[in-house]
Amino acid sequence: LYKVKEASLLQHISICDSPQILGFSTPPGRLSMMSFILNALTCALGLLYFIRRGKQCLDFTVTVHFFHLLGCWFYSSRFPSALTWWLVQAVCIALMAVIGEYLCMRTELKEIPLNSAPKSNV
């Protein structure tokens, strides 16, 4: 049972090197690409709640994807060479950074309520 789980995990991690898994031509490829894109969208929400600064969104996004690259490289013992993997990562970086910046800038530009009228308890 352990070997079966390990084999399926290794097959899942081999996305870095398999252009067949990240392609539009197969249903698993489309599902993998959509999961990467949905992950970028949810991480953009994470930028809103954890970073909260529009100027830092791109830095954080690139850092997270850099650590993902190192994790894939370390785990598979190969540098990712599939062009589709790099294209998906570039699209996800762009989506996460742009949507995260938009959400953070929207909250940064909200009006700060100023109560200029003095309070009186009459």
Keeping all protein chains in the complex and leaving out DNA, RNA and ligands, what accessible area do you get for W86 with a 1.4 Å probe, in Å² to the nearest 10? 100 Å²
Any chance you could look up the accessible area of S32 with a 1.4 Å probe, heavy atoms only, rounded to 10 Å²? 20 Å²
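The values are calculated or read from the model by the stated rules, or taken from the named source; none is laboratory data. Bear in mind the structure is a predicted one, so any value in this text is a computation, not a measurement. Each accessible area value is taken on the protein alone, full model and side chains, heavy atoms only, with ligands, DNA and RNA left out. Shrake-Rupley method; radii C 1.70, N 1.55, O 1.52, S 1.80 Å.
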